[in-house]
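Colleague: If you scroll down you'll find the structure; I have some questions about it.
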DNA sequence: ATGGCGCGCGCAGCGCGA
């Protein structure tokens, strides 16, 4: 039985609910992590999601941030936040579904390298390394997914010279990403041959999507046990097309379990 | 070229995202 894991920054679930429901019906993921829901928990569309066949766990706030985990099977041990990193921003939600531990991250953007928000991002990433290390120790079958706001390598950037040293591409951010790989996580997308210039985010401006001026910043990271059974991973560019798309495309990985 | 688009909030125009 294949098991499909996905992640998608929806940039407002209020606006994107019809697209999400369409995407779920077409792609049938077993578990999906959502970011930037921008909804207080009382406003989460749990009924609509349940009607689509998914249990929802959500951890949101109005206007900014907000994460959710939707799953076919019920989730247990649902855990918001990183315990060692108290934060007003709602960016982390973890849950156990079947024998999979599933962590949904919405990593801070960082704005620019001279911003306080960048320092916050680096502190957040450091805490996330400790958090992932701990989760890996507890759960051998671990998936860490989300909008990581890091393009890990130059091949994940449409114009590496333009982006060199810019937020999302700095050495410090990339080192944090490599630290997660150093703990044993695998970048599911890079387990397979992929098209050149494959990205998951494109600016709304300047015809960035039609020109494929994007970055690959949304990731599915798998523990060794899960990576061993990963059969495919792709970015669904289709979902970035049409009226009122999110600026991010979903990423979906298939495990043969 | 520091804008450009889209979103939330809330009713004008700003902060934020990446």
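Colleague: Do we find that residue A:42 is free of Cβ contacts under 8 Å to residues at least 12 places away in the same chain, out of contact with any helix residue (DSSP H, G or I) (no Cβ under 8 Å at 6 or more places or on another chain) and within 16 Å of DNA strand B (Cβ to nearest atom) in this structure?
Modeller: Details: free of Cβ contacts under 8 Å to residues at least 12 places away in the same chain: yes; out of contact with any helix residue (DSSP H, G or I) (no Cβ under 8 Å at 6 or more places or on another chain): yes; within 16 Å of DNA strand B (Cβ to nearest atom): yes.
Spelling it out, residue A:42 is indeed free of Cβ contacts under 8 Å to residues at least 12 places away in the same chain, out of contact with any helix residue (DSSP H, G or I) (no Cβ under 8 Å at 6 or more places or on another chain) and within 16 Å of DNA strand B (Cβ to nearest atom).
Colleague: Of the residues A:47, A:82, A:1, which is away from DNA strand B (no atom under 12 Å from the Cβ), surrounded by fewer than 16 Cβ atoms within 10 Å (Cβ to Cβ) and farther than 24 Å from residue A:254 by Cα?
Modeller: Values: A:82 fails: surrounded by fewer than 16 Cβ atoms within 10 Å (Cβ to Cβ); A:1 fails: farther than 24 Å from residue A:254 by Cα.
That would be A:47, the only listed residue that is away from DNA strand B (no atom under 12 Å from the Cβ), surrounded by fewer than 16 Cβ atoms within 10 Å (Cβ to Cβ) and farther than 24 Å from residue A:254 by Cα.
Colleague: Which number in (1) crowded, with 17+ Cβ neighbours inside 10 Å; (2) in contact (Cβ under 8 Å) with a residue 40 or more places away in the chain; (3) closer than 19 Å to residue A:94 by Cβ marks the one condition that residue A:124 misses?
Modeller: In the conditions (1) crowded, with 17+ Cβ neighbours inside 10 Å; (2) in contact (Cβ under 8 Å) with a residue 40 or more places away in the chain; (3) closer than 19 Å to residue A:94 by Cβ, residue A:124 misses (2) alone.
Colleague: Tell me, yes or no, whether the stretch A:93-114 has at least one residue that is more than 16 Å from the chain's Cα centre (by Cα), farther than 21 Å from residue A:168 by Cβ and not in a strand (DSSP E or B).
Modeller: Looking for residues that are more than 16 Å from the chain's Cα centre (by Cα), farther than 21 Å from residue A:168 by Cβ and not in a strand (DSSP E or B), one finds at least one in the stretch A:93-114, hence yes.
Colleague: Here is a follow-up. State all residues of the stretch A:105-138 that are more than 16 Å from DNA strand B (Cβ to nearest atom) and either more than 21 Å from residue A:34 (Cβ to Cβ) or modelled with pLDDT under 95 (or both); if no residue qualifies, say none.
Modeller: At the first step, the residues of the stretch A:105-138 found to be more than 16 Å from DNA strand B (Cβ to nearest atom) are A:126-127, A:129-138.
Once the filter is applied, which keeps residues that are more than 16 Å from DNA strand B (Cβ to nearest atom) and either more than 21 Å from residue A:34 (Cβ to Cβ) or modelled with pLDDT under 95 (or both), the stretch A:105-138 yields A:126, A:127, A:129, A:130, A:133, A:134, A:136, A:137, A:138.
Colleague: A further question follows. What pairs come out if I take residues in the stretch A:97-109 that are more than 18 Å from residue A:227 (Cβ to Cβ) and pair them with residues that are within 16 Å of DNA strand B (Cβ to nearest atom) and at pLDDT below 95 whose C-beta lies under 6 Å away, six or more apart or interchain?
Modeller: Partner pairs satisfying both residue conditions: none exist.
Colleague: Let me ask you something else. Would you mind finding the one in A:168, A:207 that is over 14 Å from residue A:128 (Cβ atoms), within 15 Å of DNA strand B (Cβ to nearest atom) and either surrounded by 14 or more Cβ atoms within 10 Å (Cβ to Cβ) or in contact (Cβ under 8 Å) with a residue 24 or more places away in the chain (or both)? Reasoning before the result, please.
Modeller: Values: A:207 fails: either surrounded by 14 or more Cβ atoms within 10 Å (Cβ to Cβ) or in contact (Cβ under 8 Å) with a residue 24 or more places away in the chain (or both).
On inspection, the qualifying residue turns out to be A:168.
Colleague: Next question. Looking at the structure I just gave you, is residue A:226 within 30 Å of residue A:77 (Cα to Cα), more than 15 Å from DNA strand B (Cβ to nearest atom) and under 16 Å from the mean Cα position of the chain (by Cα)? Write out each step before concluding.
Modeller: On the way: within 30 Å of residue A:77 (Cα to Cα): yes; more than 15 Å from DNA strand B (Cβ to nearest atom): yes; under 16 Å from the mean Cα position of the chain (by Cα): no.
Spelling it out, it is not the case that residue A:226 is within 30 Å of residue A:77 (Cα to Cα), more than 15 Å from DNA strand B (Cβ to nearest atom) and under 16 Å from the mean Cα position of the chain (by Cα).
Colleague: Looking for whichever is closer than 20 Å to residue A:122 by Cα, in contact with a strand residue (DSSP E or B) (Cβ under 9 Å, 6 or more places away or on another chain), surrounded by fewer than 20 Cβ atoms within 10 Å (Cβ to Cβ) and in contact (Cβ under 8 Å) with a residue 12 or more places away in the chain here; the options are A:180, A:163. Which one fits? Talk me through it step by step, then tell me what you get.
Modeller: On the way: A:180 fails: surrounded by fewer than 20 Cβ atoms within 10 Å (Cβ to Cβ).
Among A:180, A:163, only A:163 is closer than 20 Å to residue A:122 by Cα, in contact with a strand residue (DSSP E or B) (Cβ under 9 Å, 6 or more places away or on another chain), surrounded by fewer than 20 Cβ atoms within 10 Å (Cβ to Cβ) and in contact (Cβ under 8 Å) with a residue 12 or more places away in the chain.
The values are calculated or read from the model by the stated rules, or taken from the named source; none is laboratory data. The structure presented is a predicted model; accordingly, all values stated were derived computationally and were not measured. All Cβ positions, glycine included, derive from the backbone under ideal geometry; neighbour counts span all protein chains shown.
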